[in-house]
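Peer 1: Before anything else, here's the structure in question.
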Amino acid sequence: MDLTVLISSAGRRVGLIECFRHAARRAGLSPTVLACDQNPAMSAACWAADQCFPVPACTHPEFSDAMLEIVRAFGVRLVVPTIDPELAPLAVAAERFAQVGARVHVSPPPVIEVVRDKLRTVEVLGAAGVPVPVTIALDQLGPCRRSLTWPMFLKPAGGSASRGIRIIHDPDELPANPEEPMVLQELLRGPEYTVNMFIDQRGHMCSAIAHRRLQVRAGEVEKGRTERNPLFYDLATLVARALPEARGVMCFQAILDERLGPRVFEVNARFGGGYPLAHHAGAEYARWLLEEVAGLPARPHDDWRDGVLMLRYDAAFFEG
């Protein structure tokens, strides 16, 4: 069976394209992998795809229409977003894609509204029993600033890829007029983990695979190792319970703080940058997603390999 996938905001995600090709073959499918980006000629993943296309920025009002045009023209069955800012417009447009036979791998808008706001994320997770760090909106800090335990972590409320984050050692260091909403978060100290999780179409959390982030570059894991610990499965179960409408692949960040224990501080409702490690370790979420889209029997499981090490390196495409 032929099946066409469109990777959006493809950027450097050559590894994700390779995962989808491998997953399709394992599912008995014949894949065509398309990619799009603002500037495909400068995207390594677009070079790795079977075909690529330019699209406006995901903040542009014509972004979804441009994506929909590609879907119609090439019979795309699955659209895979890869960055946080495109989740909201694609979630709003998901029904339009469904009408032409394509599933957008995105949770409904209420889920995206929560995970794209770091303050709401900790509020919703905390209410469901997920251990979270103390988090305060900068513009709500008021007189309590002196009673907080400093240093604290300052980050954009809607940021991603480690953009704009820094440690604040004293309240006098706080910006007076930030350009965007900011939050202050309890500074956690300890090993950091990403937990990838798969939620099937019935809303059942089927698998959770954790890797320790041994080294990070621009917010994305560069060196990591899978670790099997029941704690992470339990945390994933709580996260899924906190976001009952979530579907498909998600990941969350957690730190095992040396004083406080585990704290979950961020949720990404998409394939994370470190997903290829999970895939190689046997948590083939791309395959299960393709099987769902193709109407094939999907058999999600939690039987993945512990101790799998990923060491990323730079490779290149050349022109001329």
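Peer 1: Do we find that residue 232 is of a type in the set (Phe, Trp, Tyr), touching an Asp or Glu at 6+ places or on another chain (Cβ under 8 Å) and buried (at least 17 other Cβ atoms within 10 Å of the Cβ) in this structure?
Peer 2: no
Peer 1: Same structure, new question: Taking interchain pairs and intrachain pairs at least six residues apart, which have beta carbon atoms under 7 angstrom, with the first residue in the range 167-194 and assigned to a helix (DSSP H, G or I) and the second charged (D, E, K, R)?
Peer 2: Every condition considered, the pairs that remain are 171/145; 171/146.
Peer 1: Which one of these is in contact with a Gly (Cβ under 9 Å, 6 or more places away or on another chain) and either more than 25 Å from residue 88 (Cα to Cα) or in contact (Cβ under 8 Å) with a residue 40 or more places away in the chain (or both): 248, 273?
Peer 2: Going through 248, 273 in turn, just one is in contact with a Gly (Cβ under 9 Å, 6 or more places away or on another chain) and either more than 25 Å from residue 88 (Cα to Cα) or in contact (Cβ under 8 Å) with a residue 40 or more places away in the chain (or both): 273.
Peer 1: OK, next. Can you tell me which residue within the range 197-212, out of those that are under 18 Å from residue 263 (Cβ atoms) and surrounded by 19 or more Cβ atoms within 10 Å (Cβ to Cβ), is nearest to the chain's Cα centre (by Cα)?
Peer 2: Across the range 197-212, the extreme among qualifying residues is 197.
Peer 1: When the residues of the range 248-259 are filtered to those that are more than 14 Å from residue 125 (Cα to Cα) and modelled with pLDDT of 95 or more, which remaining residue is nearest to the chain's Cα centre (by Cα)?
Peer 2: 250
Peer 1: Turning to a different aspect of this structure: Among the residues of the range 205-263, write down those that are out of contact with any helix residue (DSSP H, G or I) (no Cβ under 7 Å at 6 or more places or on another chain), more than 19 Å from residue 16 (Cβ to Cβ) and β-branched (Val, Ile, Thr).
Peer 2: Correct list: 237, 255.
Peer 1: What's the number of the condition residue 86 fails, among (1) acidic (Asp, Glu); (2) touching a Ser or Thr at 6+ places or on another chain (Cβ under 7 Å); (3) farther than 19 Å from residue 5 by Cα?
Peer 2: Checking residue 86 against (1) acidic (Asp, Glu); (2) touching a Ser or Thr at 6+ places or on another chain (Cβ under 7 Å); (3) farther than 19 Å from residue 5 by Cα, the one that fails is (3).
Conditions (1) of a type outside the set (Ser, Thr, Tyr); (2) surrounded by fewer than 20 Cβ atoms within 10 Å (Cβ to Cβ); (3) in the same structural domain as residue 251 (by TED's automatic domain parsing); (4) in contact with a helix residue (DSSP H, G or I) (Cβ under 9 Å, 6 or more places away or on another chain), marked per residue:
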| residue | (1), (2), (3), (4) |
| --- | --- |
| 65 | yes, yes, no, yes |
| 79 | yes, no, no, yes |
| 85 | yes, yes, no, no |
| 91 | yes, no, no, yes |
| 102 | yes, no, no, yes |
| 126 | yes, yes, no, yes |
| 130 | yes, no, no, yes |
| 173 | yes, yes, no, no |
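Peer 1: The conditions are (1) under 22 Å from residue 106 (Cβ atoms); (2) in contact with a Phe, Trp or Tyr (Cβ under 6 Å, 6 or more places away or on another chain); (3) surrounded by fewer than 20 Cβ atoms within 10 Å (Cβ to Cβ), and residue 219 fails exactly one of them. Which is it?
Peer 2: Of everything listed in (1) under 22 Å from residue 106 (Cβ atoms); (2) in contact with a Phe, Trp or Tyr (Cβ under 6 Å, 6 or more places away or on another chain); (3) surrounded by fewer than 20 Cβ atoms within 10 Å (Cβ to Cβ), residue 219 misses just condition (2).
Peer 1: For a quick check of your reading of the model, give me the residue pairs whose first member lies in the range 46-64 and is closer than 19 Å to residue 103 by Cβ, whose second is acidic (Asp, Glu) and buried (at least 21 other Cβ atoms within 10 Å of the Cβ), with beta-carbon atoms closer than 6 Å and at least 6 apart or on different chains.
Peer 2: Close Cβ pairs (under 6 Å, with a partner that is acidic (Asp, Glu) and buried (at least 21 other Cβ atoms within 10 Å of the Cβ)) amount to 58/86.
Peer 1: Take the range 67-77 and flag every residue that is farther than 22 Å from residue 287 by Cβ and either crowded, with 20+ Cβ neighbours inside 10 Å or touching a residue at least 24 places away in the same chain (Cβ under 8 Å) (or both).
Peer 2: Correct list: 67, 68, 70, 72.
Listed here are the residues, each with its yes/no results for (1) within 17 Å of the chain's Cα centre (by Cα); (2) closer than 13 Å to residue 302 by Cα.
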residue: 217; (1), (2): yes, no
residue: 225; (1), (2): no, no
residue: 233; (1), (2): no, yes
residue: 246; (1), (2): yes, no
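Yes/no matrix, rows are residues, columns are (1) over 30 Å from residue 187 (Cα atoms); (2) at pLDDT below 95; (3) among the aliphatic types (A, V, I, L, M); (4) surrounded by 13 or more Cβ atoms within 10 Å (Cβ to Cβ):
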site	(1), (2), (3), (4)
236	no, no, yes, yes
263	no, no, no, yes
270	no, no, no, yes
298	yes, yes, yes, yes
304	yes, no, no, yes
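Peer 1: If you don't mind, another one. Could you list, in sequence order, all residues of the range 132-146 that are surrounded by 16 or more Cβ atoms within 10 Å (Cβ to Cβ) and either of a type in the set (S, T, N, Q) or at pLDDT 95 or above (or both)?
Peer 2: 132, 133, 135
Peer 1: Being of a type outside the set (Asp, Glu) and exposed (fewer than 14 other Cβ atoms within 10 Å of the Cβ) is the filter here, so list the residues in the range 38-63 that pass it.
Peer 2: Within the range 38-63, 39, 41, 42, 54, 57, 59, 60, 61 qualify.
The values are calculated or read from the model by the stated rules, or taken from the named source; none is laboratory data. In this text, all values refer to a predicted model and were calculated from it rather than measured experimentally. Positions of Cβ are backbone-derived with ideal geometry, glycine not excepted, and every protein chain shown enters the neighbour counts.
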